[in-house]
Amino acid sequence: MSEQMTGARMVIEALKDQGVEVVFGYPGGAVLPIYDELFQQNHIRHILVRHEQGATHAAEGYARATGKPGVVLVTSGPGATNAVTGITDALMDSIPLVVISGQVPTFMVGTDAFQEADTVGITRPCTKHNWLVKDTEKLAETLHQAFHVATSGRPGPVLVDVPKDVQFATGTYMSPQKAKTSHYAPRVKGDIEAITALVELIEQAERPVLYTGGGVINSGPGASLLLRELADATGFPVTSTLMGLGAYPASGKNWIGMLGMHGTYEANLTMHGCDLLINIGARFDDRITGRIADFSPGSKRAHIDIDPSSINKVIRTDVPIIGDVGHVLEDLLKIWKARGRKVNRAGVAQWWQQIDEWRAVKCLTYKPSKDTIKPQYALERLEALTRDHPDRYITTEVGQHQMWAAQFLGFDSPNRWMTSGGLGTMGYGLPASIGVQVAHPEALVINVAGEASWLMNMQEMGTAVQFRLPVKQFILNNERLGMVRQWQELLHGERYSQSWSEALPDFVKLAEAFGCKGIKCDDPANLDDAIREMLDYPGPVIFDCLVEKHENCFPMIPSGNAHNQMILGEAETQGVIGASGAVLV
Amino acid sequence: MSALKIQQGSSKHSAYDLRDPNAELIETHTLAVIVDNEPGVLARVIGLFSGRGYNIESLTVAETDHQGHRSRITVVTTGTPQVIDQIKAQLGRMVPVHEVHDLTIEGPHVARELALLKVAGKGDARIEALRLAEIFRANVVDSTLESFVFEMTGGPEKIDAFADLMRPLGLREIARTGVAALARGG
Ligand SMILES: Cc1cc2nc3c(=O)[nH]c(=O)nc-3n(C[C@H](O)[C@H](O)[C@H](O)COP(=O)(O)OP(=O)(O)OC[C@H]3O[C@@H](n4cnc5c(N)ncnc54)[C@H](O)[C@@H]3O)c2cc1C
Ligand SMILES: Cc1ncc(C[n+]2csc(CCOP(=O)(O)OP(=O)(O)O)c2C)c(N)n1
């Protein structure tokens, strides 16, 4: 197809050819030609957000829920700069996004023109790659390359900056098949020798652990199935990072919970005491390693990762395997089976005894209350009332509520849990829930939020109402910047500097003002009914759940400490940790 | 809750403190990076180094394959072996980067730099400067009655040595290109 058309039209054609169904965006002067083309077609749906940051997070939610890239369209200058936080968020969490930004005409670039910003300069460090397209002839090919780069290898955000004159000018459209994308081809097959070396370790290990991460989700649903097969066939315990929840089912028998700063006691001690640590698509983030020098001191480490720069970045690896999780696990299982499916059953059985002892600590125990809603209780009830829903998706904001959601909600399949892990962006959850709901209109989509985070992008409630997206905003309202307050309590002498949420809106009235439903609940006795009311309502809901104000999120490994130096809350610690109480040394 | 005692000083350990307690020796490596000669590619490479806190001792870049639209960036960097490996992996995953060669470990290589040195002086100092230039095979590319501009090529150490000798003899200015390097052999 060598059709002549304007650049603006090419954008639409390229999106169509890439299978894009939805674009999240916000118009402005520098993208008007593209919006004009959008107006004149019916293939691509446009979701008008209320702020460009909302568009990027919505696209992230959409991408995580579908496995497809999220597409964002913004104008030049402030449109592009507003998108930067979401682009950075997607880079940190390896989410494929294609962001198309308008730019001032080429002949005005560099003149401080109206709404000019050096968008490729600003987004260079927060994209996987970006392009300024100066010639309409190159536009279609560049857009196809952008999709290729965003979705190949380790996924991530890309940006294509399109000056307005390039949108107006006419050029030749190029189809995706003809676009040159060959040179960027990250390797997906792992080295067979390295995989065999890992199989040998698997056969001998006495105290193994599978430490899984977002890479399993990135690799696609097939990778999660292979992970389940590996775990169930070997009997090895499985833990996961915040980003990998759902890859192995929370109801699975080898599941030992999330690891890391707010991970379970059993997961962290398993990491600390293991003799074989198999990292599958995780990146040894500092929230999970704690103090590097004391990280999993007695273990051999294997690391499966598609990005060579993830290997040996933080933790030295004995068996590095560069490749896609799905491909590598497939080969690994093949080799392991061919060699007779050996594992050190006796050793692993003893290891499980030890793990079960740690588990008996019941590290997530909290002090129940009849008068106030404990945030953990609220999530337990939410879980109980939604767990069996056939199609549930959870997004979160950032803070204590996010960690409690990770601890108290169980995920049995991948792509059901969307959270901002690497950047920790308050304001992610509401727009992300919108993106998920756009992808799955019939599903139950709940954003577990803190009131402070939620306020950061609350304007997107307008988007939910406009597009009839029945997202449920479940706000655990402690009237505090809870996570900050917790750190101030534990590490800064209880000096609560600026961690109060003052002058909060009346969330029920706010809901009414937006044209959706508001529910308020402050009594544990009414909570179940209130949650049911939220679930039964066919439209968007803002649920103001007033919870205990000074609850802390435990377990917690203070930053810079080792895995076995964990603070527990109300858990039964007698006989397990020393009399000094809550601090493990 | 205040009964909880966190080890004194633990808040001083930043969560981001990834420093290796057994910090190893710092090594110097010369990397040759073959990139697409596209706008912004140098900014990407430099941004990677500054953004991740890597060192650049010297950096040279020019198009080396006009038809293939390729440039060669030669960068001399320092770091622990782990950091050097990271630098190579980080460079390698950039979209416009085609090849990354660590000349320091890939075998013997030649590294050369061009320098221009302006030396001003009269009398004995001027004669001595000229004599030393001959020993170092530096060429005179400009001269007035009171100054020379020497041109010399060589490894960075040779240029350092020559510059050190010129300093007491009236070195005024020096311009260096940074290192260009190639592996030896076929
Ligand atoms: C308040 C707060 C507290 C937090 N506390 C915790 C905590 O207690 N525990 C915790 O775990 N996290 C926590 N996090 C999240 C943490 O910051 C990191 O985001 C998270 O640990 C990283 O997850 P990951 O290692 O799975 O990596 P990801 O960021 O998901 O990266 C995925 C890795 O897999 C690789 N990869 C991608 N695709 C593939 C593929 N197809 N095949 C192979 N490899 C692939 C990538 O190269 C990368 O190395 C917290 C965040 C916040 C905001
Ligand atoms: C954009 C942004 N600004 C600041 C922070 C730092 N921060 C992390 S958690 C938090 C408090 C969050 O409060 P809230 O949303 O009410 O959740 P809670 O911790 O109370 O559950 C803050 C300010 C952040 N993560 N993101």
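The values are calculated or read from the model by the stated rules, or taken from the named source; none is laboratory data. All values reported here derive from a predicted model rather than from experimental measurement. Cβ placement follows ideal geometry from the backbone for every residue including glycine, while neighbour counts extend to all protein chains displayed.
Brief remarks on what is shown
- Qualifying strands (runs of 3 or more DSSP E) (wholly inside the stretch A:31-128; at least 1 residues being touching a helix residue (DSSP H, G or I) at 6+ places or on another chain (Cβ under 9 Å) and small (G, A, S)): A:70-74, A:97-103
- Being within 14 Å of chain B (Cβ to nearest Cβ) and surrounded by 18 or more Cβ atoms within 10 Å (Cβ to Cβ) is a property that A:G482 has.
- Only one entry of B:I87, B:I46 meets the criterion of being at pLDDT 95 or above and surrounded by fewer than 18 Cβ atoms within 10 Å (Cβ to Cβ), and that entry is B:I46.
- Among the residues listed as A:T365, A:T395, the single one being within 30 Å of A:G25 (Cβ to Cβ) and either of a type in the set (S, T, Y) or outside any loop (DSSP other than H, G, I, E, B) (or both): A:T395
- Only one of the numbered conditions (1) within 14 Å of another protein chain (Cβ to nearest Cβ); (2) surrounded by 19 or more Cβ atoms within 10 Å (Cβ to Cβ) is violated by A:K517, and that is (1).
- Residue list for the stretch B:19-38, filter: modelled with pLDDT of 95 or more and among the small types (G, A, S): B:A32
- Count of the stretch A:84-95 residues which are touching a Ser or Thr at 6+ places or on another chain (Cβ under 9 Å), away from ligand 2 (no atom under 14 Å from the Cβ) and within 14 Å of chain B (Cβ to nearest Cβ): 1
- Members of the stretch A:277-311 that are β-branched (V, I, T) and either part of a helix (DSSP H, G or I) or without any contact (Cβ under 8 Å) to a residue 24 or more places away in the chain (or both): A:I288, A:T289, A:I292, A:I311
- Residues within the stretch A:437-464 that are outside any helix (DSSP H, G or I) and buried (at least 20 other Cβ atoms within 10 Å of the Cβ), tallied: 7
- Residue match in the stretch A:501-513 (condition: among the β-branched types (V, I, T), touching an Asp or Glu at 6+ places or on another chain (Cβ under 7 Å) and in a helix (DSSP H, G or I)): yes
- Residue that is farthest from the chain's Cα centre (by Cα) [pool: residues in the stretch A:434-462 that are within 9 Å of ligand 2 (Cβ to nearest atom) and small (G, A, S)]: A:A452
- Note on the stretch B:26-139: enclosed helices (runs of 4 or more DSSP H) holding 3 or more residues that are within 14 Å of chain A (Cβ to nearest Cβ) and within 16 Å of the chain's Cα centre (by Cα) are B:41-51, B:81-92.
- If the condition is being in a helix (DSSP H, G or I), of a type in the set (A, V, I, L, M, F, W, C) and within 13 Å of chain B (Cβ to nearest Cβ), then the stretch A:129-146 contributes only A:A146.
- Verdict on B:I56 being under 24 Å from A:I292 (Cα atoms) and in contact with a Ser or Thr (Cβ under 9 Å, 6 or more places away or on another chain): no
- A:T395, sole failed condition from (1) within 16 Å of ligand 1 (Cβ to nearest atom); (2) hydroxyl-bearing (S, T, Y); (3) within 14 Å of another protein chain (Cβ to nearest Cβ): (3)
- The residues listed here are A:T372, A:T395; of these, the one that is surrounded by fewer than 19 Cβ atoms within 10 Å (Cβ to Cβ), touching a strand residue (DSSP E or B) at 6+ places or on another chain (Cβ under 9 Å) and more than 29 Å from A:G273 (Cα to Cα) is A:T372.
- Residues located in the stretch A:147-185, provided they are of a type in the set (S, T, N, Q) and part of a loop (DSSP other than H, G, I, E, B): A:S152, A:S175, A:T181, A:S182
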